[in-house]
Amino acid sequence: MFGNGRGRSDVHPAHRVSGFVLLILCALAESVSAQGRSSQELLHEQYAQRRAEFEKAMGELADTCEAKGSVSDAERIRRLSVPLDEQTQNVDDLPTEVQPDIPVNAPPFEQEWRTRLRKLQTDYAQDLYSLSRRAIHAGLPSFAFDLVREVAFQNPDHAMARKMLGFVRYEDGWTTPFQASMQRRGFVWHPKFGWLPRTHVERYENGERYYNGHWISAEREAAIRSDFRNAWEVRTEHFEILTDYSLERGVELGVALEDFHRFFMREFAAFFSTPQQIEALFDAGSANPRETDDRHVIHYYRSREEFISRLKPKQPNIEVSNGLYMPADRTAYFYHDPDKLDTNMETMFHEVTHQLLGESTRRPVDAGLNANFWIIEGIACYMESFDRTDGRLSVGNPLHPRIHWARVRVLEEGFYVPMQKFTSLGMNQFQHAGDVPTLQRYYSQATGLTHFFLQYEEGRYRDALISYLTEIYSPDARVRARIQGLDQLTGVSFSELDQEYKAYLGTLPSLTDVGGGGE
């Protein structure tokens, strides 16, 4: 659905970014011309060479530790030398405390290997940071951001890397601007109740609630807040969640959405930047992170019935939706369904993708109105595959039903609209495809093409796609009227892209191989 709002349903899925630090992380992706690809290849070669040197030195240090009987330390060193894309450790889970000094009372050999390890990591991190600057100037913001993440993984106290990842130094640790603000005000994070004044924690755990200046029972508060006009308000770094279901569920959603936001901004940072901002960020001492009150608004209702009744006046065919983002309201709407929690979370990731992209401008824009509408739904469907297993954040699992069906449509059903024609479709042409099966195939192709442009050959076309998105969502109508084609942005003809896409689908595993595949 797309009109007054964008919604996702089982049959017909459709449809500000705050976070100052990542807002200024990467420059708008430049066109990936033949010269650009040469720069990309050169930078990747330089990275591979420095990475090989680092792995060799780390391996030698691990061998030395092993020879001295420090087997567990040797294993740790080898794990740290594994490339980020092969890491078994959670590279997004950076330490919150500043690295401690090497103990002066440790045995001489331990002091020796720890000193050597820290120097290897610090020197490597600094070299990668310098390489990330060159990547920015070469128009490769995605590669630059990957390098910055690795910098922070190897040297968690690298001030510029931390800054670009959205952290500030607070006392003896690293935190976000919002978290630092809450801590200064005497609040603490409770995994069940969210941010609470430190003095309220014990009473909350004992079943009391603070409402309108008075302490009442949890049951009494629940009864009051069952009216959405008195909904719980859960504020996180980037979201404001209003719900009449429960405080606890609101906190759960806040944690999930912050994970999603962190991942989304990591993957698409170049969308939310300007060349001037990135230059300022890479100049030490400028563009300090700050807290913002500009949050994405989420409404989460107690039931589907309430969802329908509240949104019916705004969206007459709301019954077909499981969730909805309304650009005019700058609000995303969802409801609680205990039997479909996983499906509802995928709906939320879909709609919040629309929200993050749509709220990148102060006013809604008619993105994809006359052409290029496929990517608006393609990227939202792609982000439904967002996964948070064991705290690890990922997206694009080829066995996810959305991506599985993209493969099936082309390779098994023989359905494919040539890319040049497909990208020319505007909103009405796309959404009114003639019948539901054709519309489903359009969504599948849009999802598959998004997967292709983001992941083909280790992200060869990623920055081109992000540049494409940037133009589609530009607040300048003149830019939206002259959007560059993906053939121009990649430097590859549409016919070649068609061939590469079909071949790429053939490399993906099939969901039918492991059982399943329902749409």
*What does the accessible area per residue of the chain come to in Å², with a 1.4 Å probe and no ligands, DNA or RNA counted?*
44
*Which value, to two decimals, describes the C-alpha radius of gyration of region 151-217 once divided by 2.2 N^0.38 Å?*
1.49
*Go through region 118-129 residue by residue and turn each phi into a ³J(HN,Hα) via Karplus (6.51, -1.76, 1.60, θ = phi - 60°); whole Hz please, and just put x for glycine and proline.*
5, 5, 4, 5, 5, 5, 5, 4, 5, 5, 5, 5
*Can you pull the accessible area of Asp390 for me, 1.4 Å probe, Å² to the nearest 10?*
140
*Dimensions (Å) - region 138-185, Cα atoms, principal axes, largest first*: 42, 19, 11
*Rounded to the nearest 0.05, what FRET efficiency is calculated for Glu112 and Ser181 with R0 set to 56 Å and r the Cβ-Cβ distance?*
0.85
_Give me, ordered by chain and number, the residues 5 or more places off Tyr301 or on other chains with an amide H under 5 Å from its own placed amide H._
Phe334, Tyr335, His336
*Roll a 1.4 Å probe over the protein heavy atoms and report the accessible area of Thr115 in Å², nearest 10.*
80
*Tabulate in residue order the Karplus-calculated ³J(HN,Hα) for region 339-344, using 6.51 cos²θ - 1.76 cosθ + 1.60 with θ = phi - 60°, rounded to whole Hz; enter x for Gly and Pro.*
8, 9, 5, 5, 4, 5
*What residues have an amide H closer than 5 Å to that of Glu240, excluding those fewer than 5 places away on the same chain, when H is modeled at 1.01 Å from N in the peptide plane?*
His296, Val297, Ile298
_Pair Leu341, Asn90: separation of 7 Å Cα→Cβ label points (nm)_ = 1.8
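Please sort by residue number the GluC sites (Glu not before Pro) in region 399-483 whose DSSP state is loop and whose Cβ has at most 15 other Cβ atoms within 10 Å.
Taking region 399-483 and a limit of 15 other Cβ atoms within 10 Å, the loop GluC sites (Glu not before Pro) found are Glu412, Glu413, Glu457, Glu458.
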_Test of understanding: what is the full-extension gain from Ile216 to Arg362, defined as 0.36 nm times their sequence separation minus their Cα-Cα distance?_
48.5 nm
*Measuring from the lowest to the highest alpha carbon on each principal axis, how far does region 413-465 reach, largest first, in angstroms?*
36, 24, 14
_Potential extension, Arg50-Asp294 segment - 0.36 nm per residue separation minus Cα distance_ = 83.8 nm
*Just read off the accessible area of Asp476 with the full protein assembly in place, 1.4 Å probe, to the nearest 10 Å².*
50
*For region 325-438, with only Lys/Arg (+1) and Asp/Glu (-1) charged at the beta-carbon, what is the dipole magnitude about the Cα centre, in debye rounded to 20?*
420
*Just the Kirkwood number for region 393-519, please: inverse of mean 1/r across all distinct Cα pairs, in Å, one decimal.*
15.5
*Which entry in (1) 21; (2) 25; (3) 41 is this structure's computed percent of Cα pairs over 43 Å apart?*
(1)
*Dipole of the chain, Cα-centred, from +1 at each Lys and Arg C-beta and -1 at each Asp and Glu C-beta, to the nearest 20 debye?*
1220
_Viscosity 1.306 mPa s, 10 °C: Kirkwood-radius Stokes-Einstein D of region 332-399 over Cα pairs, µm²/s_ = 118
*At q = 0.15, 0.16, 0.19 Å⁻¹, what base-10 log of I(q)/I(0) does the Debye formula yield for region 102-145 when every alpha carbon is treated as an equal point scatterer in vacuo?*
-0.51, -0.54, -0.61
_Table column - 3J(HN,Hα) (Hz), region 380-391, Karplus curve with 6.51, -1.76, 1.60, x for Gly and Pro_ = 5, 5, 4, 6, 4, 7, 4, 10, 10, 5, 6, x
_Straight-line reach only, C-alpha to C-alpha below 13 angstrom: list the aspartates and glutamates that Lys340 could link to, leaving out same-chain residues fewer than 8 apart._
Asp10
_Taking all protein chains in place and a 1.4 Å probe, what share, in percent, of the accessible surface of the chain do carbon and sulfur account for?_
48
*asked:* Between Glu496 and His137, how high is the FRET efficiency from 1/(1 + (r/R0)^6) when r is the Cβ-Cβ distance and R₀ = 25 Å? Nearest 0.05.
replied: 0.35
_Can you give me the distance in nm between label points at Leu42 and Val71, each placed 7 Å from the Cα along the Cα-to-Cβ direction?_
4.8
*Distance between Cα centroids, region 343-390 to region 150-218: provide it in whole Å.*
28
*Which far-off residues, 5 or more places away or on another chain, put their amide H under 5 Å from the one on Asn370, with H placed in the peptide plane?*
Met427
*Using a basic spin-label model with each label point 7 Å from the Cα along Cα→Cβ, how many nm lie between Leu369 and Asp123?*
5.8
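The values are calculated or read from the model by the stated rules, or taken from the named source; none is laboratory data. Owing to the predicted nature of the structure, the values given are computational and were not obtained by experimental measurement. With ideal geometry, Cβ positions are generated from the backbone for all residues, glycine too; neighbour counts draw on all protein chains shown. For the accessible areas, the whole protein counts, side chains as well, though only heavy atoms, and no ligand, DNA or RNA atoms are used. Shrake-Rupley method; radii C 1.70, N 1.55, O 1.52, S 1.80 Å.
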